[in-house]
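Only one structure is covered here, and it is reproduced in the block below.
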Amino acid sequence: MIKNHFFAGDQKNGPRETILGGYQRVFWRYEVAAVNGGIPGSHGMGVRIQESLVKAAWFVCAICAIVTIFFILLFLGYDGYPIFIQEGFFDFVFGMSWNPTGRDPSFGIFPLIVDTLLVTAGAMAIAVPLGIGSAIYIAELASPRVKQLAKPAIELLAGIPSVVLGFFGLIVLTNWIRVTFDVPSGESWLAGSMLLGIMALPTIISISEDAIATVPREFREGSFAVGATHWQTIARVIVPGALSGITAAIILGIGRAIGETMAVLMVTGNAAIIPSPVYNVLSPVRTLTGTLGIEMGEVAVGSMHYHALFGVAVALLVITLIVNLAATVILSRIKERQAPSRRRGNEVHRPGMTSTHLLSWVTGRRYPVLAGGLFLVILGVAGFLPFVGTVAIFGGIFIAKDRLGSRISPKLVQKIAFILLFACIAVVILVLGIILYDIVSNGLPSLTWEFLTSPPRNLGREGGIFPALVGTLYLVAGAIAIALPIGIGAAIYLTEYTREGKATKVIRIGADLLAGTPSIVFGLFGFAFLVLYLHFGVSLIAGQVTLALMVLPTIIRTTEESLKTVPVSIREGSLALGATRWQTIQKVVVPPSIPGIITGAILSIGRAAGETAPIMFTAVVFSQRFLPDSLFEPVMALPYHLFILATNVPGATGNQYATALVLLILVIVFYSLAIMIRTHYRRTMHW
């Protein structure tokens with residue numbers, strides 16, 4: 001018998017311990033099989049059957065995303081079809097009046113579409129410059145100590161539930177707008193855009209920062225070698241090199257804003273009108289998602305109003321699909337322009353574009369940066385769009401870089417640019433600090449043991465949140481129990497059993513579409529399919545399945561990325577020793593990927609715990625003194641409890657803030673665990 005000393009010395013080093021341990025187990029199995037007269041490479045019929053069954057199981061997991069998208073489209077289309085027949089496609093989509101409960105009902109959703117696009121555009125005007133500026137600062141300028149503060153802060157901002165942000169917006173932001181602009185109500189387009197801009201920031205910052213970090217180091221060194229300043233290197237080399245990732249970040253931010261329900265529902269005023277004039281950011285508006293959230297819970301099933309709401313959901317899903325397709329087209333164009341240098345005639349086309357080249361490509365004008373920057377500054381000064389002040393700042397940066405760079409010192413330009421970049425990250429952290437301070441300072445006095453352990457009384461003005469707290473844990477536990485094995489199996493199939501081909505692309509597209517589906521659409525699908533069609537009723541199990549479908553793409557994506565970090569040579573080494581594919585996956589590939597898998601699971605737990613829209617119509621009730629006895633009973637949940645307290649129960653300020661604080665702490669704990677696990681294994685794992 002050969003002894004296993006081959007890996008003994010390396011086991012102390014730490015970073016490769018898990019992989020080498022897997023190798024050691026495979027190597028030991030090989031020795032035992034050799035001694036017993038059977039080489040693992042000559043697998044018997046039983047092993048081959050086992051391999052086939054395992055592969056089939058993972059394939060079933062992988063197609064779950066496709067099946068889910070198919071059923072969502074099927075049920076939305078089935079329930080939305082009657083409104084298109086009665087009203088006609090053109091009158092329904094381009095009708096100017098939405099009044100389904102009037103004496104003469106009208107079902108025109110054009111104002112809802114316009115309001116959705118206006119709120120999203122305003123949110124991007126805030127989030128894009130702040131997000132990209134913050135990403136550049138973190139990736140290129142921040143010290144290690146600042147990064148240790150900024151990155152967790154941004155991830156913490158991403159983890160704040162939308163209903164908590166909506167509550168903050170309803171209590172603080174709308175009041176600030178009312179006082180500042182001297183208007184009767186602060187619930188407006190501006191409030192919705194500001195809140196959605198805050199919510200889109202973490203997505204844009206994180207993905208943009210990752211894209212900037214992937215720009216090869218040689219690009220930076222080459223730029224410095226020819227005498228460029230740090231800012232010139234950032235503006236002309238690094239940002240163009242990361243343009244595809246930054247574009248993807250912006251498009252994902254747009255998708256995040258379009259699909260948000262609770263925050264916009266709570267702060268936009270919910271008036272189904274187009275602002276007059278159209279740039280009046282203080283006008284109340286109503287989005288597609290807000291309409292679904294307000295009206296779906298009170299509509300009669302089977303009525304034309306009911307079918308009209310499913311028609312609204314179809315329109316929302318189509319807009320989301322258009323955004324995803326636009327992302328694909330834009331990214332493909334940018335990748336073509338960033339391809340290796342190619343010569344056309346006497347002109348050499350090099351990878352990367354300056355900001356002038358990019359905007360010239362989009363607009364076809366000679367001086368797009370100068371015109372665009374001055375236009376944004378004029379808008380900001382005139383006050384027509386107060387929230388584009390941050391965009392005006394970046395317009396100034398581009399003007400200084402592209403038009404005045406030859407007239408003033410590059411060092412002065414760099415100093416101004418760096419100050420503005422620092423201001424971006426400072427604003428993001430300041431916003432997070434204001435939100436946390438308001439909720440903690442107002443919620444802590446009401447947060448008592450009695451509040452945590454007693455049921456609500458007097459419509460939630462008194463008593464506690466115990467049934468809601470336990471109900472939230474029930475929903476999350478069930479959702480993860482359903483989604484985790486399916487998500488891990490799908491990721492294993494995509495990573496280990498397939499090559500990039502048509503089937504893989506279809507599955508990935510299904511998972512991406514599922515990831516981009518607004519949460520309120522999951523709620524409608526759960527209501528139509530689980531509650532009504534399968535007769536689950538409004539119940540715990542219906543909410544768990546709906547949440548599981550919502551977090552499934554997150555688990556698939558994070559697990560897949562974690563599995564891809566294991567080098568191919570590790571797999572090849574295991575197979576060369578005679579292990580089967582499943583043995584290699586089980587003993588060699590999965591163990592070092594566990595930290596990433598756990599991180600994805602915890603992030604999914606945090607998201608499921610903070611979601612309101614998917615469970616509004618499938619699982620929850622506002623008040624319930626006792627815990628459910630079975631999976632087919634409804635439950636209370638913290639997000640929905642907070643929403644009702646904030647919007648329908650006056651005089652409950654203390655319990656509102658305390659409920660928001662508990663929900664915030666619950667989600668922060670999950671996200672903090674994910675951050676700690678990721679940080680720990682980044683220090684100990686490298687290849």
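The C-beta contact set for segment 152-169 (first residue assigned by TED's automatic domain parsing to the domain that holds Arg607, second residue β-branched (Val, Ile, Thr) and outside any helix (DSSP H, G or I), distance under 9 angstrom, 6+ apart or interchain) is empty.
Residues are listed down the side, and each one gets a yes or a no for (1) among the β-branched types (Val, Ile, Thr); (2) in a helix (DSSP H, G or I):
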residue: Ile274; (1), (2): yes, no
residue: Leu292; (1), (2): no, yes
residue: Val301; (1), (2): yes, no
residue: Tyr306; (1), (2): no, yes
residue: Phe310; (1), (2): no, yes
residue: Ile319; (1), (2): yes, yes
residue: Ile322; (1), (2): yes, yes
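The lone criterion from (1) on the phi < 0 side of the Ramachandran plot; (2) free of Cβ contacts under 8 Å to residues at least 60 places away in the same chain left unmet by Gly227 is number (1). The criterion of at least 2 residues that are touching a helix residue (DSSP H, G or I) at 6+ places or on another chain (Cβ under 9 Å) and among the charged types (D, E, K, R) is met, among helices (runs of 4 or more DSSP H) falling completely within segment 466-534, by 502-516.
Criterion first (in contact (Cβ under 8 Å) with a residue 12 or more places away in the chain and buried (at least 24 other Cβ atoms within 10 Å of the Cβ)) does Ala652 satisfy it? No, not satisfied. Of all residues in segment 104-149, those being surrounded by 19 or more Cβ atoms within 10 Å (Cβ to Cβ) and out of contact with any helix residue (DSSP H, G or I) (no Cβ under 8 Å at 6 or more places or on another chain) number 1.
Residue pairs whose Cβ atoms lie under 6 Å apart, sitting 6 or more positions apart in sequence or on different chains, and linking a residue in segment 456-473 that is small (Gly, Ala, Ser) to a partner that is in a strand (DSSP E or B), are Gly463/Pro456; Gly463/Arg457; Gly471/Val635. Counting only residues that are in a loop (DSSP other than H, G, I, E, B), within 21 Å of Glu298 (Cα to Cα) and modelled with pLDDT of 90 or more, segment 73-104 holds 2 of them. Could you count how many residues in segment 405-433 are of a type outside the set (Gly, Ala, Ser) and either touching a His at 6+ places or on another chain (Cβ under 8 Å) or in contact (Cβ under 8 Å) with a residue 60 or more places away in the chain (or both)? Matching residues across segment 405-433 total 15. Mind listing just one residue for me: the one in segment 406-463 that is over 25 Å from the mean Cα position of the chain (by Cα), assigned to a helix (DSSP H, G or I) and of a type in the set (D, E, K, R) and, of those, modelled with the lowest pLDDT? Restricting to residues being over 25 Å from the mean Cα position of the chain (by Cα), assigned to a helix (DSSP H, G or I) and of a type in the set (D, E, K, R), the top hit is Lys411.
Report the residue count in segment 535-559 for those that are part of a helix (DSSP H, G or I) and either free of Cβ contacts under 8 Å to residues at least 12 places away in the same chain or not polar (S, T, N, Q) (or both).
Filtering segment 535-559 down to residues part of a helix (DSSP H, G or I) leaves 540-559.
With either free of Cβ contacts under 8 Å to residues at least 12 places away in the same chain or not polar (S, T, N, Q) (or both) added as a condition, the list becomes 540-543, 545, 547-553, 555-557.
Adding up the residues that qualify gives 15.
Note on segment 563-598: among residues that are surrounded by 24 or more Cβ atoms within 10 Å (Cβ to Cβ) and among the polar types (S, T, N, Q), the one that is farthest from Asp512 (Cα to Cα) is Ser574.
A count restricted to segment 45-77 and to residues that are of a type in the set (A, V, I, L, M), surrounded by fewer than 19 Cβ atoms within 10 Å (Cβ to Cβ) and more than 23 Å from Pro614 (Cα to Cα) stands at 7. Selection over segment 560-596 of residues that are in contact with a Ser or Thr (Cβ under 7 Å, 6 or more places away or on another chain) and either part of a helix (DSSP H, G or I) or within 15 Å of Ala490 (Cα to Cα) (or both) gives a count of 13.
Across segment 243-286, the number of residues qualifying as of a type outside the set (A, V, I, L, M, F, W, C) and within 19 Å of the chain's Cα centre (by Cα) comes to 9.
Restricting attention to segment 273-316, the residues being buried (at least 24 other Cβ atoms within 10 Å of the Cβ) and touching a strand residue (DSSP E or B) at 6+ places or on another chain (Cβ under 6 Å) number 1. Only a single item in (1) surrounded by fewer than 19 Cβ atoms within 10 Å (Cβ to Cβ); (2) of a type in the set (Gly, Ala, Ser); (3) in contact with a Gly (Cβ under 7 Å, 6 or more places away or on another chain) is not met by Gly80, and it is number (1).
With the structure loaded, tell me whether Pro152 is surrounded by 24 or more Cβ atoms within 10 Å (Cβ to Cβ) and either more than 12 Å from Val267 (Cα to Cα) or not aliphatic (A, V, I, L, M) (or both) or whether it fails that test. For Pro152, the condition - surrounded by 24 or more Cβ atoms within 10 Å (Cβ to Cβ) and either more than 12 Å from Val267 (Cα to Cα) or not aliphatic (A, V, I, L, M) (or both) - is not met.
The values are calculated or read from the model by the stated rules, or taken from the named source; none is laboratory data. Not measured: the values here are computed from a predicted model. We place every Cβ from the backbone using ideal geometry, glycine too, and count neighbours over all the protein chains shown.
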